[in-house]
């Protein structure tokens with residue numbers, strides 16, 4: 001059997017629907033995994049393929065999508081199958097005809113903000129998740145913790161700073177970053193976040209408009225229970241979210257007045273991750289963010 005035939009056979013068996021013997025087309029935008037469109041009866045599939053040892057990553061993504069879907073708030077692609085076939089790890093999702101977030105109308109942005117606030121009202125007793133997953137290609141640790149500051153310090157900033165040190169970030173920057181992490185509890189002196197269900201990687205490239213449905217959809221999550229401000233902070237990191245999104249979210253569930261102060265702290269995690277994945281100017285950006293946050297203590 002060729003790889004494609006083996007995959008089509010597996011996909012048909014697991015999903016209960018017949019799929020074509022070969023993939024229809026490569027799909028752009030998959031910077032980490034190969035992505036293809038697979039024609040099938042009753043609807044096409046979006047299939048991610050990677051080396052067989054990537055299966056736990058796909059299983060975690062599938063569980064994250066299912067957790068988001070169970071909230072009944074934002075649309076996510078349904079999981080059709082996850083497993084191994086043809087020498088590959090595979091994740092097959094419902095094919096959604098998506099228009100990119102850029103240029104989306106205000107009504108759609110408002111719908112996204114309102115529904116995200118509803119999703120964030122899904123809470124847990126502790127911070128974390130029942131399994132680790134990934135943020136991009138980087139492992140993301142999610143062991144449960146009752147203390148949000150400790151969770152963020154150890155399983156978010158600490159992990160990224162240690163990885164950045166191994167990837168060549170200047171020791172001065174790493175040391176200052178660890179100093180910031182040790183003191184970051186000061187940003188929470190009068191604020192006690194609840195463990196909200198987060199998308200976890202909510203930038204403009206991970207949502208779009210479902211063609212013909214008039215509703216927003218999110219995908220490629222890095223799910224865990226954490227401070228909802230972390231999701232909201234990331235929406236401001238790379239653009240893709242407009243004024244009506246923020247107004248609708250605020251109307252549904254207003255953020256704490258000091259959320260803007262913590263925004264840089266939360267986005268530091270993602271900028272450090274981008275340094276660890278891509279290098280380049282993200283190291284300088286992280287250094288500037290660390291300096292600005294440390295300056296808050298001297299203000």
Assess whether residue 271 counts as being farther than 19 Å from residue 158 by Cβ, surrounded by 14 or more Cβ atoms within 10 Å (Cβ to Cβ), modelled with pLDDT of 95 or more and outside the structural domain of residue 59 (by TED's automatic domain parsing).
-> no
Run residue 230 past the list (1) assigned to a helix (DSSP H, G or I); (2) over 30 Å from residue 104 (Cα atoms); (3) in contact (Cβ under 8 Å) with a residue 12 or more places away in the chain and report the number of the one that doesn't hold.
-> (2)
Quick count over the stretch 18-42, residues being modelled with pLDDT under 90 and either under 29 Å from the mean Cα position of the chain (by Cα) or within 12 Å of residue 92 (Cα to Cα) (or both), is 13
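So that you can scan it fast, the table gives a plain yes or no per residue for (1) part of a strand (DSSP E or B); (2) buried (at least 17 other Cβ atoms within 10 Å of the Cβ); (3) in contact with a helix residue (DSSP H, G or I) (Cβ under 9 Å, 6 or more places away or on another chain):
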residue: 72; (1), (2), (3): no, no, yes
residue: 90; (1), (2), (3): yes, yes, yes
residue: 93; (1), (2), (3): yes, yes, yes
residue: 109; (1), (2), (3): no, yes, yes
residue: 112; (1), (2), (3): no, yes, yes
residue: 116; (1), (2), (3): no, yes, yes
residue: 142; (1), (2), (3): no, yes, yes
Residues of the stretch 163-179 satisfying the condition of being under 24 Å from residue 295 (Cβ atoms), touching a residue at least 12 places away in the same chain (Cβ under 8 Å) and either in a helix (DSSP H, G or I) or outside the structural domain of residue 135 (by TED's automatic domain parsing) (or both) = 164, 173, 174, 176, 177, 178, 179
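This table checks each residue for (1) in contact with a helix residue (DSSP H, G or I) (Cβ under 6 Å, 6 or more places away or on another chain); (2) assigned to a loop (DSSP other than H, G, I, E, B).
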{"residue": "181", "(1), (2)": "yes, no"}
{"residue": "185", "(1), (2)": "yes, no"}
{"residue": "190", "(1), (2)": "no, yes"}
{"residue": "202", "(1), (2)": "yes, yes"}
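The values are calculated or read from the model by the stated rules, or taken from the named source; none is laboratory data. Quick caveat: nothing in here was measured; it's all calculated off a predicted structure. Cβ atoms come from the backbone with ideal geometry, glycine included; neighbour counts cover every protein chain shown.
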